[in-house]
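The values are calculated or read from the model by the stated rules, or taken from the named source; none is laboratory data. All of these numbers come straight from a predicted model, not from anything done at the bench. Reconstructed Cβ throughout: ideal geometry from the backbone, glycine too, with neighbour counts over all protein chains shown.
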Amino acid sequence: MRLFGKIHWAFCLVLIFGSEISLSALTLELDNVVVTGTRTEKLSRESPVRTEVVSEEEILTIHARDLKEALQYMPGLQLREIHGKSGYEVWIQGLSADRVLILLDGMPITPTTGSSVDVTQLSMIDVERVEVVKGATSALYGSAAMGGVVNLISKPIASGLHGEVTGDAGTYFSQNPNGDGAEPSAYHGRVRGSVGSEQWRLRFAIDENSADGIDPDPDTWKQPGDEITRQNIGARLEWLPSKQDAEAYLQLSSLDETTLSRFVADNNANNILENNSKSEALDRLRIASGVSWQSPNRWRWSLDGLQETLTDDTRKENHSFQYHYDFREADFDIARYSLRLELPQLANQIWMFGFDLSDEALNQVKSANSISAFECELEGCHTERDGQEFFIQDDLFFGENWELLIGARYQKDSDFGNHFAPKFNLRYQYIDELEKNIFFRLGWGGGYRVPNLKERFFVFDHSNLGYMVLGNPELKPEESSSWQFGIGMQWQENLTIDINFFYNDLSDLIQADFEEFDSSGVQLFRYHNLDKAQTKGAEMTGRWRYRSNLNFSWGYTFLEAKDKATEGDLTRRPQHQMSLGMDWLDIIPGLKLSVRARGQSHELVDSNNDRRSPGWVLVDLKLNKKVNDNVQLFSGLDNVLNRQRDFETAFDFAPVAGRFFYVGFRVRY
């Protein structure tokens, strides 16, 4: 029997004969402590800004290796492949990833494409929880947060000596690129350690993820799933002065990623198929530091700084005729400084002020056919922008049951001038009793987003595939009006239900539209402003603790997204999405079985020809076995039903990966 089979059977024996230690029960959604909506710690049910949470318990249960896997079961989110690249991006309430702000401890992460963040690149090794705010109702976040905010919250560093080692390996069976389903084709490992005293604390972490790719037909050149190697390294140093409520930190992190894509393209000149590849090397270095302090009378202030640099080198080659035909190097730099001041509660009010200063730069160099230099458009090779943003927020409590959060954000951009956006959120506690809790939320916010440097200047060349996407320096900023209304209910400790209705009215929405064919027959797309658009719908989530060891969760989203000028549907936005979950503890002592299902209805992909990608449903199984207080074994079978796209149909956007089985371990001390 092969090595992988031996690991599988050894794992099964441990599940059957392991020690009798039960895993903890599922935490109900509305009992999580959140900070993203208001910057102050509140229970999720008590926050006037609706904030959804992926808890640490859920991250461990589903064995999430990266942010994409952590978010994949959250209702109302779309995790879409980044067009023309490896990786995935997040869409919220029908608004694309360019309009979703991804944060790490409240500070932004540089998008790897200049516009959207690849969430597969963000490791979960140091993440305690993920908080999601949908819509533009919070005054704390400005440009790029029209659709919402995803905030990764790091684990606190404990005093003493702690460590963790985790590893897993898996197979796509017959779709392994080497054609041998018994051998693993995906590997993941991580190491984390920390040491701390009362005043000084240090943590380091290394996370490495690699995959050989996915290939339904290993005998051909084309490979739908890319080969990827990714390494995240991080370290954090904290200083906690004695007898003072203060903290200073320095955090360093780096990402090193290489990807290889293999595809077959039609040579327009000779009308023959050619074997091509695209290799990409990406490096990100992130340095963050800050200090916070709280006075005895509860004045609180914090100052955070961020410097992040990212280099993305892409090379395309033709393997049929052995020549290199395209090379691009793009460098992104971002610097950001944030100051926050929170006043003590006075007369049932909590005031907060903030100031953000940012600077961004994009450099790109491109050559074609190895010999001719690509002439950048005017100012296209190097461009930069800077901005200043100021916000004010007042959290007002009146009566016994009402809370009003009002705020405004002022933004000044070096290229687009000034903008002012007001916000408000109202919460009413209808019932607050031991047996049941019912409350209402209403929020409105003006959203505003300036075109990013990619949309204005970036050249996305896939001429070998028959198209190019060009930037447009004449783009105008987008604006939105976002409404959110919801009701939350909780009965005892057993049942929670959250229903939310949303409406986003958009002006000057930016999207890439077909413009013309060039002289060689390549389709040219260019970013343009769409006059008016809207997204609206409803979301429902719920959790039910049926018994002390049996829990259920569910979610449903209805979405309608339209171009208001034509009344036609916006593309790539499914009308229906669903998710289901079950956690069954102590099937045998110490064993936890989890089932997760998610799916969506069909989605429009070509409005001119009414082409639609078919709907799909995925079912995943997760097993967790706690051997003792320090050792845990786990296993999973993803996509049990083996639902996969038709790779011969260009408009089928169902999942790329078929059935995937893996086993792993986690050791802590």
Task: Residues (surrounded by fewer than 17 Cβ atoms within 10 Å (Cβ to Cβ), part of a strand (DSSP E or B) and charged (D, E, K, R)) located in region 432-448 - done: D432, K436
Open item on the list: Are there strands (runs of 3 or more DSSP E) fully within region 184-280 with at least 3 residues that are more than 30 Å from V656 (Cα to Cα), of a type in the set (K, R) and free of Cβ contacts under 8 Å to residues at least 40 places away in the same chain? List them.
Closed with: none
TODO: For S635, state whether it is crowded, with 17+ Cβ neighbours inside 10 Å and touching a Cys at 6+ places or on another chain (Cβ under 9 Å).
DONE: yes
Open item on the list: Looking at (1) in contact with a helix residue (DSSP H, G or I) (Cβ under 6 Å, 6 or more places away or on another chain); (2) modelled with pLDDT under 95; (3) not in a loop (DSSP other than H, G, I, E, B), which one does K68 not meet, given that it meets all the others?
Closed with: (2)
Task: Segments classed as strands (runs of 3 or more DSSP E), wholly inside region 588-645, with at least 2 members that are in contact with a helix residue (DSSP H, G or I) (Cβ under 9 Å, 6 or more places away or on another chain) and at pLDDT 95 or above - done: 591-600, 616-626, 631-638
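In this structure, does V117 turn out to be in contact (Cβ under 8 Å) with a residue 40 or more places away in the chain and β-branched (V, I, T)? Walk me through how you get there before you give the answer.
Numbers: in contact (Cβ under 8 Å) with a residue 40 or more places away in the chain: no; β-branched (V, I, T): yes.
No, not satisfied.
Any idea how many residues of region 551-576 are of a type in the set (F, W, Y) and either in contact with a Leu (Cβ under 6 Å, 6 or more places away or on another chain) or free of Cβ contacts under 8 Å to residues at least 12 places away in the same chain (or both)? Let's see the steps before the verdict.
Filtering region 551-576 for residues of a type in the set (F, W, Y) gives 552, 554, 556, 558.
Checking which are either in contact with a Leu (Cβ under 6 Å, 6 or more places away or on another chain) or free of Cβ contacts under 8 Å to residues at least 12 places away in the same chain (or both) leaves us with 554.
The qualifying residues number 1.
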Open item on the list: Can you find a residue that is over 24 Å from the mean Cα position of the chain (by Cα), farther than 25 Å from D518 by Cβ and either of a type outside the set (S, T, Y) or surrounded by fewer than 22 Cβ atoms within 10 Å (Cβ to Cβ) (or both) anywhere in region 456-474?
Closed with: no
Task: Options T220, T137; residue that is surrounded by fewer than 21 Cβ atoms within 10 Å (Cβ to Cβ) and not basic (K, R) - done: T220
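Among the residues in region 36-46, are any touching a His at 6+ places or on another chain (Cβ under 7 Å) and in a loop (DSSP other than H, G, I, E, B)? First the steps, then the outcome.
Filtering region 36-46 down to residues touching a His at 6+ places or on another chain (Cβ under 7 Å) leaves none.
Taking every residue of region 36-46 in turn, none turns out to be touching a His at 6+ places or on another chain (Cβ under 7 Å) and in a loop (DSSP other than H, G, I, E, B).
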TODO: For region 377-385, state whether one or more residues are part of a loop (DSSP other than H, G, I, E, B), at pLDDT below 95 and hydroxyl-bearing (S, T, Y).
DONE: no
Task: Qualifying positions in region 346-369 - surrounded by 15 or more Cβ atoms within 10 Å (Cβ to Cβ), within 30 Å of R300 (Cβ to Cβ) and modelled with pLDDT under 90 - done: E360
TODO: Could you check how many residues of region 416-431 are surrounded by fewer than 20 Cβ atoms within 10 Å (Cβ to Cβ), over 16 Å from I499 (Cβ atoms) and out of contact with any Asp or Glu (no Cβ under 9 Å at 6 or more places or on another chain)?
DONE: 6
TODO: Name the single residue, out of those in region 65-88 being of a type outside the set (A, V, I, L, M) and farther than 17 Å from R598 by Cα, that is surrounded by the fewest Cβ atoms within 10 Å (Cβ to Cβ).
DONE: H83
TODO: With the checklist (1) part of a strand (DSSP E or B); (2) crowded, with 18+ Cβ neighbours inside 10 Å in hand, flag the one item I157 doesn't pass.
DONE: (1)
TODO: Filter region 183-211 down to residues that are charged (D, E, K, R) and crowded, with 21+ Cβ neighbours inside 10 Å and give me whichever is farthest from G664 (Cα to Cα).
DONE: R201
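I'm trying to understand the selection: among the residues of region 584-602, which are under 30 Å from D646 (Cα atoms) and either among the aliphatic types (A, V, I, L, M) or surrounded by 19 or more Cβ atoms within 10 Å (Cβ to Cβ) (or both)? Break it down into steps so the answer makes sense when it comes.
Keep residues of region 584-602 that are under 30 Å from D646 (Cα atoms), which gives 594-602.
S594, V595, R596, A597, R598, Q600, listed by residue number.
Scan region 283-304 for residues that are closer than 18 Å to E342 by Cα and either of a type in the set (S, T, Y) or in a strand (DSSP E or B) (or both) and jot them down.
First, pick out the residues of region 283-304 that are closer than 18 Å to E342 by Cα: 290-304.
If the condition is that a residue be closer than 18 Å to E342 by Cα and either of a type in the set (S, T, Y) or in a strand (DSSP E or B) (or both), then G290, V291, S292, W293, Q294, S295, R300, W301, S302, L303, D304 are the ones that fit.
With the requirement that a residue be polar (S, T, N, Q) and within 18 Å of the chain's Cα centre (by Cα), what does region 34-56 give you? Talk me through it step by step, then tell me what you get.
Step one: filter region 34-56 for residues polar (S, T, N, Q), giving 36, 38, 40, 44, 47, 51, 55.
Listed by number, the residues that qualify are T36, T51, S55.
Take S579 and decide whether it is of a type in the set (S, T, Y), within 23 Å of the chain's Cα centre (by Cα), assigned to a strand (DSSP E or B) and at pLDDT 95 or above.
Values: of a type in the set (S, T, Y): yes; within 23 Å of the chain's Cα centre (by Cα): yes; assigned to a strand (DSSP E or B): yes; at pLDDT 95 or above: yes.
Against the criterion (of a type in the set (S, T, Y), within 23 Å of the chain's Cα centre (by Cα), assigned to a strand (DSSP E or B) and at pLDDT 95 or above), S579 qualifies.
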TODO: Return the residue satisfying two criteria in turn: it lies in region 537-576 and is closer than 26 Å to D508 by Cα and hydroxyl-bearing (S, T, Y), and of such residues it is modelled with the highest pLDDT.
DONE: T557
Task: Of residues in region 505-536 being surrounded by fewer than 13 Cβ atoms within 10 Å (Cβ to Cβ) and outside any strand (DSSP E or B), the one modelled with the highest pLDDT - done: D518
- [ ] Could you please find all residues in region 507-550 being touching a residue at least 40 places away in the same chain (Cβ under 8 Å) and aliphatic (A, V, I, L, M)?
- [x] I510, A512, V522, L524, M540
TODO: Tell me, please, whether a residue that is of a type in the set (V, I, T) and either at pLDDT below 95 or in contact with a Lys or Arg (Cβ under 6 Å, 6 or more places away or on another chain) (or both) can be found in region 231-240.
DONE: no
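Within region 540-583, restricting attention to residues that are of a type in the set (D, E, K, R) and crowded, with 16+ Cβ neighbours inside 10 Å, which residue is nearest to E57 (Cα to Cα)?
First pass over region 540-583, keeping only residues of a type in the set (D, E, K, R): 543, 545, 547, 560, 562-564, 567, 569, 572-573, 583.
Next, only the ones that are crowded, with 16+ Cβ neighbours inside 10 Å stay: 543, 545, 562-563, 569, 572-573, 583.
Details: R543: 14, R545: 15, K562: 38, D563: 40, D569: 38, R572: 32, R573: 30, D583: 11 Å.
Among those residues, the one meeting the criterion is D583.
Is it the case, given these coordinates, that G106 is surrounded by 23 or more Cβ atoms within 10 Å (Cβ to Cβ) and at positive phi?
Details: surrounded by 23 or more Cβ atoms within 10 Å (Cβ to Cβ): no; at positive phi: yes.
Here the answer is no, as G106 does not meet what is asked.
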